[in-house]
Amino acid sequence: MLTILSPAKTLDFESTPVTSIYTIPEFVDKSEKLANKLRKLTPEKLSSLMNISSSLATLNFERYQMWHQPFTPDNAIQAVLAFNGEVYNGLKASTLPEEKLKQAQNKLRILSGLYGVLRPLDLIQPYRLEMGTKLGSGRSKNLYDFWRIDITKAIHRAIEESGSNILVNLASNEYYKSINTSRLKAEIITPVFKDRNNNKYKIITIYAKKARGLMARFILENDLQNPDDLPAFDSEGYHFNQKLSKPGYPVFTRG
């Protein structure tokens, strides 16, 4: 069973990694093409392209000036430890035993606008590039065109190597769209997380993001292989809601 996640905008490159084990991203040479293109943009153009503040644009201008191969533990950190948004607050990868992090290499993939597909222990250098950014390269008009074939092939291969035909989609729609799912020979399960608000269950984005991370951790900790085991998820007050669920979309509610 393979699980996919989105990356995070917030990064942590200050904390000491909890493991010395690392791998190199499969598509790092393609990443370099994008990094080289972004390196030529001024902070003002980066601000406009990414719709970010001038301070963030300056930060990312500096990041791309520094971005270079080869990746080593001296200039990069494992992806699952570097990402620090709500999803990763739920996953808490730094508290997983090293053996679980090693197992995650075959069970978890992170989609990325700059790196395409990442294994948890793939080294990354600091960046910001959302998949929806309208950045073209060569014949590709945008990042979806640039990455779709590579991402789809990589996810297809990872599903096969996971020993099951199940894909658990915990990625946002922005990143999930980068996969040509018609090319996957897989059963796709997309968990949905809702919180009670004004006596109705609704998807509250900030809570749903963390819940995706909690679910990814639940899958890793329990070495789940069968989607029938997903309804047992009960982290931080969430419980399976059979009434609201439908095939391929198990719903978990809280409150």
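The values are calculated or read from the model by the stated rules, or taken from the named source; none is laboratory data. Not measured: the values here are computed from a predicted model. FYI the Cβ positions are ideal-geometry reconstructions off the backbone, even for glycines, and counts take in every protein chain you see. With ligands, DNA and RNA removed, areas are computed over all heavy atoms of the protein, side chains included. Shrake-Rupley method; radii C 1.70, N 1.55, O 1.52, S 1.80 Å.
Key figures for this structure:
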| quantity | calculated |
| --- | --- |
| Qualifying residue in region 99-115 (condition: within 24 Å of Asp150 (Cβ to Cβ) and open to solvent by 50 Å² or more (accessible area, probe 1.4 Å)) | yes |
| Residues of region 161-211 classified as charged (D, E, K, R) and closer than 15 Å to Pro227 by Cα, total | 1 |
| Residues of region 149-196 that turn out to be free of Cβ contacts under 8 Å to residues at least 60 places away in the same chain and open to solvent by 60 Å² or more (accessible area, probe 1.4 Å), as a count | 12 |
| Residues (open to solvent by less than 10 Å² (accessible area, probe 1.4 Å) and not in a helix (DSSP H, G or I)) located in region 79-95 | Phe83 |
| Candidate set from region 124-147 (those that are open to solvent by less than 30 Å² (accessible area, probe 1.4 Å) and hydroxyl-bearing (Ser, Thr, Tyr)); member that is nearest to Asn180 (Cα to Cα) | Ser140 |
| Residues of region 22-31 satisfying the condition of being surrounded by 15 or more Cβ atoms within 10 Å (Cβ to Cβ) and assigned to a helix (DSSP H, G or I) | Val28, Lys30, Ser31 |
| Matching residues, region 48-68, being open to solvent by less than 60 Å² (accessible area, probe 1.4 Å), part of a loop (DSSP other than H, G, I, E, B) and over 13 Å from Pro126 (Cα atoms) | Ile52, Ser53 |
| Filtered residues of region 102-140 (kept if in a strand (DSSP E or B) and either closer than 16 Å to Arg39 by Cα or of a type in the set (Val, Ile, Thr) (or both)) | Ile110, Val117, Ile124, Ser137 |
| Residues satisfying the stated conditions in region 200-245, i.e. modelled with pLDDT under 95 and either aliphatic (A, V, I, L, M) or over 25 Å from Lys100 (Cα atoms) (or both) | none |
| Any chance Glu86 is acidic (Asp, Glu) and either under 16 Å from the mean Cα position of the chain (by Cα) or under 28 Å from His68 (Cα atoms) (or both) | yes |
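Condition check ((1) in a helix (DSSP H, G or I); (2) of a type outside the set (Lys, Arg); (3) under 20 Å from the mean Cα position of the chain (by Cα)) across all residues:
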{"site": "Asp145", "(1), (2), (3)": "yes, yes, yes"}
{"site": "Gly163", "(1), (2), (3)": "no, yes, no"}
{"site": "Lys209", "(1), (2), (3)": "yes, no, yes"}
{"site": "Pro231", "(1), (2), (3)": "yes, yes, no"}
